[in-house]
């Protein structure tokens, strides 16, 4: 075998020796990119270079100039810190110039960020928080298998360190359960984590036992033997189960000074050392790769959405907003892009209402909230509009996935039910009391909190057209329907339910506390005090104009929320008022103590957010 | 075999037939308690009654009247919803009266809450968010094995549904790695989850394969065969590895109308049905159980803490607060109760500084943030003061565990490093931008955010004596030391670094933005505008008095934070000002867009939180 010329075109029929040359180029470019940037992870890239060269040249079906082609495979770098390797692959594929790679990587304004994000058209999901790429891959593979019925394959490059994240095993469990033979995970077992040896080192058998026990096929391979890797990928493509290729590799492979050495994680080679490394690797190459093209996919019939007929509820009738969510979601199923996900509480969140009508678009992850979120992200990547629901309290389990979903820029709808002390006897473990703070802080998020079934249904439907992460907070108990059919609920709006020229105080509530505000207003009215009442169903964006007008006109504002005082509705209102330069006499009632169990009304009272407390807060402000 | 009299005393030497009678009593009392409350999970209790009767009578070494006895075993109900069973056990043990069980369960003010919490002296940790009890048990078993050197055993009753949570596998992985032979998990495989069959049903072999692959011993057993269960527990107690007893059980066992039936999860039996069930189970019993007493534990030498000598740093010297954290933590090691935990980033958070001095009290969980938190909680239960650190961004992974730790009422110290866009080139996946919102919303939490090494060291030390969850936010880069040695940093305080009678605006910062505020003040001073500068190192509790005085005296406040606008420092300041009835002209600068990669200074500038933006915001307020 002679080496290919350094500017050759490498393709599926190229000799494996040429593929090895491509791998060396990926190493060289990983080193050059990170050294030029002064940061990055060259050694983590070098261990996986042979794996990725074989994939790129021979197995990844992809049209680099049409990343949106439905016949393209998907490649996820779950070990996102190996971004130099990924970007070097883009350079080899001819879509990122050498200049861009060497002069912009990790610099301000560059699309070649420290960890991959979908700012790049060939990147589906943001990674870099370890343990997330494989779960996303499961979501994409699920879309391919169950919804797209397309032959594309999802390839995920995983680090060995991240195999200690529970989320990786949630993902493999679901891959096995869903029978995702179109998923291949490749674990770069280079034995070294950030600060030293990994838990399992090079014990490929231990990994294989776990993988097999979780329902996937395990293949072990020498990760620097391109022929063996090539064969493993072939086997994976023919397998009838999801496959995990466990590749024994060496961190820093190809440059003896850093091979298998501790202390080199996340460190670029100093310039002179980089020069030696490039020389040792055979110098700079300018190979171009053209791997297998996209799979052919039958043109899909354009789907004709049926008209969405949202449920209606009679004013005054008692209906839980979680129930309205389920009914509205089932109605939204008329839109073929809508899918729903459940983490084994669909009978509580009412997500199962959708599942009964559209079982094919209903994804059950069992009790695995991280995988529920990741599946939603993967489905969104494949053009779906996922609605994922669990108890508001348990969405905190998936906080890191929600955060990263916002970096990925996907649009997904989340619903958290059973919010607040209102749930009653189940006690604090089941009470969502921090969810508004969590969801408000997510970049570009929308936070909605309906008080009645009509607004809940309308806002559930609105989420299907919102960009980014939207969140609907629903309540366990049934409360009177407040609004007539056809009432609009624009995102960013509010409803002023009581208003008059003599209003001396404004009561702001959402969810259960709105009903308490209405009762408090009645109590105050009986004493001759007119109170304005605002339904703040849109917590983010918040209706600053209406709040400020009310603050100016009434001079006093009481906010009551079934949530912790920090980061919730009270602070959202304060933020809005301060932004408009108006802060009146102000009181915020929230859940300050640790609640216990009990009937809903008693817990609201004990938490200091019931009608009596709201009226009393108003009296104090007016007296003060 | 004849049945024991219904008021007999059951003990370790009782006939197994009597133990079965105890199991029936637990069933009967579970039914009676939940029916009396009108809510609860009787069927989930009935499946595990035989398991718990055998445990209680024969294997659980425990002095019910001295729950603090260091020779006591620990029992965790990871399936916290089976609280009727747990409380029925307390009744059988004679520490909760039948009256309390039947008249207070799930009622307002009762210690017998819907899910167990440490309000009860026999409960170590709050459960009810599934997938958490076993991880906590691993922490307690780790304390027993590595720190207490005590013979107690940790028993954890798990549900089968929760085995789909990745956190359970993080726990078993660590149990195996740490060699926790003193841990026995009992999985109540009753085949039915909340809304239908579980993922693996009664496939005990599938569970066993997973357990064994994760390094623990698996024992399968018929869960209603008290003799078989007894033997399995005996084997587990002699095992040299952590053991998982996989018990095949029937949900609702003992009452044919609900046995193995869907639709009965979390539902009390209606009164008449309950009467029939009690009759079918042989009626009400009043058995008392006295199981094996505590293990004998050698009296421990009282430990003599050495004096803590905190590190000192020279004013003006550039030191990263994360580095100060590591040095202070290592110094705190002089206190024997201090332990430190790392999730494989100890060289970044500087937690490894502690590990180098005190390897025996340094817990490495590898990349498993949920288990890191759970281990911290378990260690706190056993009297330690755990410090757990990872990147601020990755603490979101453990949000649900942090939330539940506050319900458990434990005191633990968390440190989140690499906060904000300040980290630079690594990009948004690694930037903690939502952590303040998350940590502020935790009940009873303390949130600290030092700007220099002296305050970071002092606050690190302060956390060792704080109650509840405390959080220290540290910064990646090195900035000048601002304070002299001996400067006190009381929690709830602040430092006014620039102040004068002519101040026309107050600049509030913490961490990197404090340094930007100081530079902005210089810039404004050059224009003849005097600015007060406040170091808000204590974000919760916040120094409302100082903020209000500054607001009153200067009339304008600019807050700059390297965090999202929601739930962060800006809203904490607004909340404090509103609480004091003072809101001046106000501007909050925060990270509003999605950042990319780049040098720290350029990212601060792009985010609009650098000195120039702060000065400009001040000018706008003064002009407005």
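Any read-out appearing in this document is the output of simple, stated calculations on the displayed coordinates, not a laboratory observation. Source: prediction; values computed, not measured. For neighbour counting, all protein chains shown are included, and Cβ atoms are generated from backbone atoms with ideal geometry for every residue, glycine included.
Observations on the structure shown:
- For the protein assembly as shown, dividing the convex hull volume of the Cα atoms by the residue count gives 163 Å³ per residue.
- Once the Cβ-Cβ distance of residue A:261 and residue B:478 is raised to the sixth power relative to R0 = 25 Å, the FRET efficiency obtained is 0.40.
- Footprinting exposure proxy for B:318, A:540 (fewest neighbouring C-beta atoms within 10 Å first): B:318, A:540
- Likely footprinting exposure, A:395, B:497, A:55, fewest C-beta neighbours within 10 Å first: B:497, A:55, A:395
- Dimensions in Å of segment A:70-208 - Rg and Dmax from alpha carbons: 15.7, 45
- Counting only alpha carbon atoms, the long axis of helix B:512-526 and the longest principal axis of chain B meet at about 20°.
- Separation of alpha-carbon centers, segment A:138-193 and segment B:188-244, rounded to whole Å: 27 Å
- Fraction of the pair-distance distribution of segment B:9-289 above 27 Å, Cα-Cα pairs, percent: 32 percent
- Residues A:191, A:322, sorted so that the one with the fewest Cβ neighbours within 10 Å comes first: A:191, A:322
- Computed on the Cα atoms alone, the convex hull of segment B:479-573 gives a volume of 100 cubic angstrom per residue.
- Averaging the Cα positions of each part gives two centres, and for segment B:316-379 and segment B:553-594 these lie 32 Å apart.
- Restricting the calculation to alpha carbons of segment B:34-107 gives Rg and Dmax of 12.6, 37 angstrom.
- Neighbouring Cβ atoms from other chains, within 10 Å of the Cβ of residues in B:209-216, number 5 on average.
- Inter-centroid distance (Cα atoms) of segment A:421-445 relative to segment B:59-134, Å: 25 Å
- With Cα atoms, 0 to 90° folded angle of helix B:544-554 axis to chain B main axis: 20 degrees
- Over segment A:206-265: Rg over Rh, Cα atoms, Kirkwood Rh: 1.09
- Nitroxide proxy distance, nm - points 7 Å out along Cα→Cβ at residue B:315 and residue A:522: 6.4 nm
- Both numbers refer to the Cα atoms of segment B:158-203; Rg and Dmax are 12.0, 36 Å.
- Alpha-carbon Rg/Rh ratio, for segment A:537-624, with Rh computed the Kirkwood way: 1.00
- Compared with the dominant Cα axis of chain A, that is its longest principal axis, helix A:321-332 is turned about 50°.
- Taken over segment B:224-351, the alpha-carbon convex hull comes to 291 cubic angstrom per residue.
- Stokes-Einstein D (µm²/s) once Rh is taken as the Kirkwood radius of chain B over alpha-carbon pairs, at 25 °C in 0.890 mPa s: 94 µm²/s
- Percent of C-alpha pairs per 5 Å bin, segment A:145-240, short to long: 2, 12, 22, 26, 19, 12, 5, 2, 0
- Histogram of C-alpha separations across segment A:103-147, 10 Å bin width, %: 26, 42, 24, 8, 0
- Considering only the protein assembly as shown, percent of DSSP beta bridges that pair antiparallel, nearest 5: 15 percent
- Note on segment A:318-480: the alpha carbon radius of gyration divided by the globular reference 2.2 N^0.38 Å gives 0.91.
- Over chain B: helical MRE at 222 nm, DSSP H runs n ≥ 4 each giving -39500 (n - 2.57), nearest 500: -10500 deg cm²/dmol
- Gyration tensor (alpha-carbon) shape descriptor, segment A:256-331, a/c threshold 1.5: oblate
- At q = 0.21 Å⁻¹, base-10 log of I(q)/I(0) for segment B:340-424 (Debye sum, equal scatterers on each alpha carbon): -0.93
- A viscosity of 0.890 mPa s and a temperature of 25 °C, combined with the Kirkwood radius over Cα pairs in Stokes-Einstein, give a translational diffusion coefficient for segment B:159-301 of 142 µm²/s.
- Taking 16 Å as the cut-off, the amide N atoms of segment B:134-162 that come nearer than this to a point 7 Å along the Cα-to-beta-carbon line of residue B:63 belong to B:151-153.
- When the convex hull of its Cα atoms is projected in every direction, mean area for segment A:1-143 (nm²): 8.5 nm²
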